[in-house]
Amino acid sequence: WGDSHALAWLPGLDEALSARGERGSLAIMSACAPLLGVTNPKNPKCTAYNDQVSEWVLSGKVDRVYLVAAWVAWSAPKGGYDLTDSSGLRGNAVVFSTAYRRTIEELSPHVSEIVVIAPTPGAVKFLPYRMAMATWRGTAQPRPIAKALYTAQAANFWNGVEEIKHRARVVDPAPWFCDEVQCRYSNKGQLLYRDGHHLNAEGARFAAGHLMADREAFSTATAAAAAR
């Protein structure tokens, strides 16, 4: 369940679930965070859509929920969207933490597991274009983003989920992409992003490989679902 970042992750999650003999359903709307009670003026259909998804989850037809989104955009004060909460709160950081708590608390009694995929580190803007131009000009390829920059960008997300971290399993993809200095945008010569934010199919499969290898993030959740 999520926005365009969930769609970007789709090939990897599909591969991961298929490897376990499981099936999934995709609930996606671009520019629409999987947060209940949040209004995004750039997508007026978002609130009603999320209510429909929530009703479907609460109907008992879903065993585990993965929440994947552009969390930096939804939680940062200047994330590109001016969100409003149904309680009247404004300001993305406080709206995010309030709506995140509301969403997790509403869903958790009805599913065996909620897995939240934390922000994907990303790369420089217009990455493929910049790489192509560098090749054409014979200049150096774009530098990966600094780990410190990603950490600062993701800080509001981690602050917002901290208070209720016991109710959902939060998977951090940063160690898969980043060392202590920078965050890679390619792996073994394969590009991992289709722009500065979204994974491409190769990147989604790269992430899925790490997800399946993470016992806490995937194997344990799968075992819990099977036991149920």
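The values are calculated or read from the model by the stated rules, or taken from the named source; none is laboratory data. This is a predicted model, so every value here is computed, not measured. Don't worry about glycine lacking a Cβ; one is built from the backbone with ideal geometry, like all the others, and counts go over all protein chains shown. What goes into the accessible areas is simple: the full protein's heavy atoms, side chains included, and nothing from ligands, DNA or RNA. Shrake-Rupley method; radii C 1.70, N 1.55, O 1.52, S 1.80 Å.
A compact table of results
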item	result
Residue within segment 44-59 that is in contact (Cβ under 8 Å) with a residue 12 or more places away in the chain, closer than 27 Å to residue 207 by Cα and either touching an Asp or Glu at 6+ places or on another chain (Cβ under 6 Å) or among the small types (Gly, Ala, Ser) (or both) present	yes
Residue that is at pLDDT below 90 and touching a Pro at 6+ places or on another chain (Cβ under 8 Å), where the choices are 3, 82	82
Evaluation of residue 72 against (1) crowded, with 21+ Cβ neighbours inside 10 Å; (2) at pLDDT 95 or above; (3) not aromatic (Phe, Trp, Tyr) (one fails), failing number	(2)
Residue 159, sole failed condition from (1) under 23 Å from residue 8 (Cα atoms); (2) within 16 Å of the chain's Cα centre (by Cα)	(1)
Odd one out for residue 33 among (1) among the small types (Gly, Ala, Ser); (2) assigned to a loop (DSSP other than H, G, I, E, B); (3) open to solvent by less than 50 Å² (accessible area, probe 1.4 Å); (4) more than 17 Å from residue 80 (Cβ to Cβ)	(4)
Unmet criterion (only one of (1) among the charged types (D, E, K, R); (2) within 15 Å of residue 115 (Cβ to Cβ); (3) modelled with pLDDT of 95 or more) for residue 64	(3)
Residues (touching a strand residue (DSSP E or B) at 6+ places or on another chain (Cβ under 7 Å) and either of a type in the set (Phe, Trp, Tyr) or in a helix (DSSP H, G or I) (or both)) located in segment 102-127	104, 107, 108, 127
Candidates 51, 63, 85 - the one that is open to solvent by 20 Å² or more (accessible area, probe 1.4 Å), touching a Ser or Thr at 6+ places or on another chain (Cβ under 9 Å) and acidic (Asp, Glu)	63
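One line per residue, one yes/no per condition, for (1) open to solvent by 70 Å² or more (accessible area, probe 1.4 Å); (2) of a type in the set (Val, Ile, Thr); (3) outside any loop (DSSP other than H, G, I, E, B):
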position	(1), (2), (3)
130	yes, no, yes
140	yes, no, no
170	no, yes, yes
202	yes, no, yes
205	yes, no, yes
